[in-house]
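Nothing in this text is a laboratory measurement; each read-out follows from the coordinates by a stated rule. These numbers were taken from a predicted model, which means no experiment stands behind them. Here Cβ is always computed from backbone atoms with ideal geometry, including for glycine, and neighbour counts include all displayed protein chains.
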Amino acid sequence: MKKKKKAIDDVLAYKQQAEAGEIRLFFLDEIKLMILATLTRMWVKVGTQGEIRTDDNHDRCYGYTVIDFVSCKTHYRMAKDFNGREFLLFIEQLQRQYSNETVVIVMDNASPHGYSKIHGEVLVNERLYFYFLPPYTAAKLNPVEKVFRFFRSKVTHNEYFADITDLIEAARNFFRYLYVCRGRVASLIHGEL
């Protein structure tokens with residue numbers, strides 16, 4: 001319970017620093033995209049049963065995503081694998097864009113992040129900090145989770161994709177939409193802790 005309280009306090013302090021322009025605060029998470037449809041309730045004619053076409057294709061990919069807490073700008077990278085190499089490529093991509101700013105990235109402790117047993121702040125270099133959330137707090141403290149729920153409802157629920165490239169293109173279109181419609185992102189991420 002102490003770790004959770006400390007994480008809440010730390011994240012609130014980062015938000016205040018970001019709003020004051022002292023740091024650039026990002027929230028990071030990954031999403032696993034599978035070609036198999038995610039089924040959810042849907043409207044169908046009374047007396048009929050909804051049906052979503054599927055096949056035995058188990059292809060998958062991953063979307064690495066960060067959201068700037070203040071500007072609500074999203075950055076993403078689609079990758080075949082969920083591993084440390086892909087994670088570092090994404091972080092390098094982000095660092096190039098914000099090389100002159102102090103960046104704090106809040107994330108969970110997924111093994112590809114390379115710090116699986118650490119909670120709290122880690123100085124990566126003079127301008128980059130990682131903040132690792134304690135277990136079972138990411139759903140509440142990481143607003144990217146809300147964006148991913150919205151993603152699933154708009155992109156993958158009850159949808160058939162013929163192949164992985166169709167799914168990747170649908171994901172890219174969604175992230176392009178978020179990049180342009182930052183007001184929608186703000187409405188998703190600026191809820192209470």
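Between the listed residues Ser111, Thr137, Ile35, the Cα displaced farthest toward the positive end of the dipole of the chain, a dipole computed from Cβ unit charges relative to the Cα centre, is found at Thr137. When the charge dipole of the chain is built from unit charges on Cβ atoms (+1 for Lys and Arg, -1 for Asp and Glu) and taken about the Cα centre, the candidate among Ile91, Ile168, Val66 whose Cα reaches farthest toward its positive end is Val66. Taking each residue as 0.36 nm, the span from Lys6 to Thr137 lengthens on full extension beyond its C-alpha to C-alpha distance by 46.0 nm.
From least to most packed, judged by other beta carbons within 10 angstrom and beginning with the fewest, Glu92, Glu145, Glu169 follow the order Glu92, Glu169, Glu145. By the count of neighbouring beta-carbon atoms within 10 Å, fewest first, His190, His157, His75 end up ordered His190, His157, His75. Charging the Cβ of each Asp and Glu at -1 and of each Lys and Arg at +1, and nothing else, the dipole of the range 78-193 about its Cα centre rounds to 260 debye.
Close amide H partners of Val106, meaning residues 5 or more places away or on another chain with modelled amide H under 5 Å apart, are Phe26, Phe27, Leu28, Tyr131.
For the chain, the longest principal axis of the C-alpha atoms and the axis of helix 84-97 are separated by about 60°.
How high is the relative contact order of the range 50-189, given as a whole-number percent (alpha carbon pairs under 8 Å, six or more residues apart)? Mind showing how you got there, number by number?
Working: 159 pairs, mean separation 35.3, N = 140.
Answer for the range 50-189 is 25 percent.
For Leu33, the residues whose modelled amide H falls within less than 5 Å of its own, excluding neighbours fewer than 5 places apart on the same chain, are Cys61, Tyr62, Gly63.
Tell me what the chain gives for mean residue ellipticity at 222 nm when only DSSP H runs of n ≥ 4 count, each as -39,500 (n - 2.57), the sum divided by the residue total, rounded to 500 deg cm²/dmol.
Values: 6 runs with 69 residues, N = 193.
Here the helix-only value at 222 nm equals -11000 deg cm²/dmol.
Between Glu19 and Arg152, residue separation times 0.36 nm minus the direct Cα-Cα distance comes to 45.0 nm. For the cross-link pairs Lys32/Lys73; Lys32/Lys146; Lys2/Lys32, the ones whose C-alpha atoms lie over 26 Å apart are Lys2/Lys32. Counting only DSSP beta bridges with both residues in the chain, the antiparallel share comes to about 65 percent.
Fewest neighbouring Cβ atoms within 10 Å first, the residues Arg77, Arg60, Arg176 line up as Arg176, Arg60, Arg77.
Angle of helix 164-180 to the longest C-alpha principal axis of the chain, folded into 0 to 90 degrees and rounded to 10: 50°.
If you wrap the tightest convex hull around every Cα atom of the chain and split its volume per residue, you get 144 Å³.
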